[in-house]
1. May I ask you to list pairs of residues, at least six apart or on different chains, whose Cβ atoms are under 8 Å apart, with the first in region 1-24 being within 14 Å of THR84 (Cβ to Cβ) and buried (at least 18 other Cβ atoms within 10 Å of the Cβ) and the second being modelled with pLDDT of 90 or more and not aliphatic (A, V, I, L, M)?
2. Output yes when any residue across region 92-101 is farther than 23 Å from PRO145 by Cβ, charged (D, E, K, R) and without any contact (Cβ under 8 Å) to a residue 60 or more places away in the chain, and no when none is.
3. Pull out all pairs, ordered by first then second residue, where Cβ-Cβ is under 7 Å, the residues are six or more apart or on different chains, the first lies in region 74-88 and is under 21 Å from LEU52 (Cα atoms), and the second is hydroxyl-bearing (Ser, Thr, Tyr) and in a helix (DSSP H, G or I).
Amino acid sequence: MIGLNTAAVYILQTIGSLYLLIVLLRFILQLVRADFYNPLSQFIVRATHPLLKPLRKLIPSVAGLDLASLVLAILVQLVLMALTLMLLGYGLENPLQLLVWSIIGVTALFLKVFFFALIISVILSWVAQGSHNPTAMLINQICEPLLSPIRRILPSMGGLDLSPIVAFLLLNLIDMLVIRNLAVMTGMYKGLSLAI
């Protein structure tokens with residue numbers, strides 16, 4: 001029975017985390033004003049539209065931020081955590097604590113998206129500089145709002161862009177000093193989120 005529960009948790013977290021990533025990407029793409037007509041953007045829009053359509057009637061956008069997709073990401077994380085806890089044999093004693101854990105999990109995943117987008121961007125700059133691949137263009141659109149303020153502060157290094165290194169450091173510091181501490185302070189169970 002324990003093996004079946006472990007397998008169920010694995011399948012649930014794999015499929016659920018993939019959908020959570022897609023929903024969060026929907027929020028991030030609108031946040032960074034990425035190309036809506038990019039084929040990858042279109043896939044993300046189609047994958048999230050059925051659940052976002054009813055939420056948009058209740059939750060309006062504020063200052064250009066798609067709050068409905070952010071709320072959907074938190075709800076998906078909350079459902080994933082609740083189901084994982086039930087499959088592992090734990091009760092759902094405090095729904096408010098589960099909501100806090102969900103917000104922490106979504107925030108951690110938000111940082112991871114930027115972290116891995118930066119890694120892909122750096123690799124693409126070495127092997128496929130100036131590529132017109134839709135995925136490469138979307139990755140660059142995600143990274144640019146994070147890198148451009150750093151580039152303005154850093155002095156020019158003669159063609160060498162050190163802004164990704166600074167961005168990596170900042171993202172890791174936020175993760176270590178804020179996200180992980182919040183997870184520990186709230187007693188978050190380690191197996192609940194793949195992003196933490």
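1. Note: pairs meeting the criteria are LEU20/GLN77.
2. Yes; the residues of region 92-101 include at least one that is farther than 23 Å from PRO145 by Cβ, charged (D, E, K, R) and without any contact (Cβ under 8 Å) to a residue 60 or more places away in the chain.
3. Short answer, once both residue conditions are applied: ILE74/SER102; VAL76/TYR19; GLN77/SER102; LEU78/SER102; MET81/SER102.
The values are calculated or read from the model by the stated rules, or taken from the named source; none is laboratory data. All values reported here derive from a predicted model rather than from experimental measurement. In this analysis, Cβ positions are derived from the backbone assuming ideal geometry, glycine residues included, and neighbour counts consider all displayed protein chains.
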